[in-house]
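Okay, structure first, notes after.
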């Protein structure tokens, strides 16, 4: 029995247990099964992820396929380019200034492999750039600007060179589609987008207001009128060999400046040197003796003070009078007895001086101050001139009465004539278009005096004795006053002239003042004048033979445009009133 039990014991010792074998196999199967479930979950997750991606892309592609390419391009362009300044337009909405994307061309010298070839290319394409300057910059090895504010043509030239060392820097540039047309008004901006002259400087903060970036800044100017007036003034400089010319058209009721031209002008898209006095804005900045246009103010004050009437006869007017150490004489042979109206129509110097003495110095000074002729005029440009101060010593009252020895700007003179003709109210010249202009009524003469002055100004043009017959354009009822003055250089008068004509039209309902100025005009014997129904030539050089002639041509061209605008305003007013 014992042997048997030992034998069984040895057998159990060498035999593998059934229980452990079953446990390991079962555990292994469970592990494999668990791994299988985890793998399947990952597959499902990945499948769902990629399915979502494919769905999203499919929807996006389908959406894009239904959109217009132009819309996408426009959106991209708008996102990448936000103008830093507002557009400027004229009163009709025509664009006259805008910001566009532009480029500077800069150079990285270390990337220029063949410097001799680079210099040769620059010489061929940009001969105006100094070769020595470019060579010096290349040798210096520092980053430098080759050319700023590239035009499209210049940009293409540089791009086609294929030079890796040239870098295009994006920037914003201000362009002026009309080039020279508004040069004395718009002004310019610098490379940092700040206004440095003209409207660009005066309204700099408003033009940079990004909240209104999509709202154009509108001026009172009219591009069509500006163009026509400029062309006639350019022709006048050629006809009369003048060194300069200027013109101003203004609404006498609101003070809105419709056109302002000063010649010579310049292309404001180019950064040229304009420091020479020839490029001064003659209308706003130029300070001149304007001559006999002051006779209108003298007579208006006499009428306002009831010292005289238009029909009052001034008897025994001498051919010349001695005033202190000076001799005052007439420009032409005139009758010794003249009415107040005839003194203005025939432009009598001595007659005006005699009327001024009746008025008195203090009253006359006060009247000129009320007309804003003795101080700097407020205007929406920084380029505004200041009349030269003088002492009211012996004989000054007499000479000032006919425009000798007193200076002012053409803009001030035109504004004063507006007050003479609009019923007697001071107007403030302005450039910014306001839908509802805020006009402060400040009266300087009565409506009756204004009406009498208008009748006289009409006679200056329409009468056979008037000095402005060449401006008598049929259908426009033009009135006005001439002014011929000798230029003063360093305190001495020369034989060089500055000729002015200030016209108002239509006289039956005055609405516009037009000032024409010619600087040092010469006689034009080659011109054939239509003078009171006759064809004549002359070598005379007074305002009546040049400035008046030019004004007549201009009014003939712009009159229909202004009449059309008036009809539109009238019709709109009637429709609103009827409704």
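Applying the set (1) in a loop (DSSP other than H, G, I, E, B); (2) in contact with a strand residue (DSSP E or B) (Cβ under 7 Å, 6 or more places away or on another chain) to residue 308 leaves exactly one unmet item: (2). One residue stands out in the range 525-560 among those that are out of contact with any helix residue (DSSP H, G or I) (no Cβ under 6 Å at 6 or more places or on another chain) and assigned to a helix (DSSP H, G or I): the one that is surrounded by the fewest Cβ atoms within 10 Å (Cβ to Cβ), namely 560.
The set of residues in the range 434-457 that are assigned to a loop (DSSP other than H, G, I, E, B) and modelled with pLDDT of 95 or more comprises 444, 445, 446.
For the range 229-241, the condition holds for at least one residue, the condition being that it is surrounded by fewer than 20 Cβ atoms within 10 Å (Cβ to Cβ), assigned by TED's automatic domain parsing to the domain that holds residue 457 and under 23 Å from residue 175 (Cα atoms).
Restricting the range 367-390 to residues that are over 29 Å from the mean Cα position of the chain (by Cα) and part of a loop (DSSP other than H, G, I, E, B) leaves a set whose member that is nearest to residue 220 (Cα to Cα) is 389.
Restricting the range 378-390 to residues that are buried (at least 21 other Cβ atoms within 10 Å of the Cβ) and touching a helix residue (DSSP H, G or I) at 6+ places or on another chain (Cβ under 7 Å), the residue that is farthest from residue 429 (Cα to Cα) is 381. Residue by residue through the range 114-135, note down the ones that are without any contact (Cβ under 8 Å) to a residue 12 or more places away in the chain and out of contact with any helix residue (DSSP H, G or I) (no Cβ under 7 Å at 6 or more places or on another chain). Those that are without any contact (Cβ under 8 Å) to a residue 12 or more places away in the chain and out of contact with any helix residue (DSSP H, G or I) (no Cβ under 7 Å at 6 or more places or on another chain): 114, 116, 117, 120, 124, 127, 128, 130, 132, 133. Quick check, is residue 497 touching a strand residue (DSSP E or B) at 6+ places or on another chain (Cβ under 8 Å), assigned by TED's automatic domain parsing to the domain that holds residue 287 and within 30 Å of residue 257 (Cα to Cα)? Yes, satisfied.
When the range 185-206 is filtered for residues that are touching a helix residue (DSSP H, G or I) at 6+ places or on another chain (Cβ under 7 Å), within 28 Å of residue 225 (Cβ to Cβ) and either surrounded by fewer than 16 Cβ atoms within 10 Å (Cβ to Cβ) or in contact (Cβ under 8 Å) with a residue 24 or more places away in the chain (or both), the ones remaining, listed by number, are 185, 186, 187, 188, 189, 198, 199, 200. Criterion applied to 296, 254 was being assigned to a loop (DSSP other than H, G, I, E, B), in contact (Cβ under 8 Å) with a residue 60 or more places away in the chain and either touching a helix residue (DSSP H, G or I) at 6+ places or on another chain (Cβ under 6 Å) or surrounded by 17 or more Cβ atoms within 10 Å (Cβ to Cβ) (or both), and the one residue passing it is 254. The residues in the range 391-417 that are buried (at least 24 other Cβ atoms within 10 Å of the Cβ) and free of Cβ contacts under 8 Å to residues at least 40 places away in the same chain can be counted, and the count is 0. Taking the criterion of being part of a loop (DSSP other than H, G, I, E, B) and out of contact with any helix residue (DSSP H, G or I) (no Cβ under 9 Å at 6 or more places or on another chain), the residues of the range 275-293 that qualify are 275, 276, 287, 289. All of (1) at pLDDT 70 or above; (2) in a loop (DSSP other than H, G, I, E, B); (3) not assigned by TED's automatic domain parsing to the domain that holds residue 194 hold for residue 44 with one exception: (2). Within the range 125-148, being surrounded by 15 or more Cβ atoms within 10 Å (Cβ to Cβ), in contact with a strand residue (DSSP E or B) (Cβ under 6 Å, 6 or more places away or on another chain) and not in a helix (DSSP H, G or I) holds for 144, 146, 147, 148. Confirm whether residue 527 is modelled with pLDDT of 90 or more and closer than 24 Å to residue 292 by Cβ. Taking the combined requirement at face value, the residue satisfies it. Using the structure shown, decide if residue 431 is farther than 25 Å from residue 537 by Cα and crowded, with 16+ Cβ neighbours inside 10 Å. Taking the combined requirement at face value, the residue satisfies it. Name the residue that is farthest from residue 447 (Cα to Cα), counting only residues in the range 405-420 that are at pLDDT 95 or above and touching a helix residue (DSSP H, G or I) at 6+ places or on another chain (Cβ under 9 Å). Of everything passing the filter in the range 405-420, 406 is farthest from residue 447 (Cα to Cα).
The rows are residues; the columns are (1) more than 38 Å from the chain's Cα centre (by Cα); (2) under 30 Å from residue 185 (Cα atoms); (3) surrounded by 17 or more Cβ atoms within 10 Å (Cβ to Cβ).
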{"residue": "275", "(1), (2), (3)": "no, yes, no"}
{"residue": "278", "(1), (2), (3)": "no, yes, no"}
{"residue": "281", "(1), (2), (3)": "no, yes, yes"}
{"residue": "285", "(1), (2), (3)": "no, yes, yes"}
{"residue": "292", "(1), (2), (3)": "no, yes, yes"}
{"residue": "307", "(1), (2), (3)": "yes, no, no"}
{"residue": "314", "(1), (2), (3)": "yes, no, yes"}
{"residue": "362", "(1), (2), (3)": "yes, no, no"}
{"residue": "365", "(1), (2), (3)": "no, no, no"}
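Residue count for the range 151-166, restricted to those that are surrounded by 14 or more Cβ atoms within 10 Å (Cβ to Cβ) and either touching a strand residue (DSSP E or B) at 6+ places or on another chain (Cβ under 9 Å) or not in a helix (DSSP H, G or I) (or both): 8. Filtered by the rule that a residue be surrounded by 14 or more Cβ atoms within 10 Å (Cβ to Cβ), in a strand (DSSP E or B) and in contact with a strand residue (DSSP E or B) (Cβ under 7 Å, 6 or more places away or on another chain), the range 316-360 gives 321, 328, 338, 339.
The values are calculated or read from the model by the stated rules, or taken from the named source; none is laboratory data. What you are looking at is a predicted structure, and each value in this text was computed from that prediction instead of being measured. Every residue, glycine among them, receives a Cβ derived from its backbone with ideal geometry; neighbour counts consider all protein chains shown.
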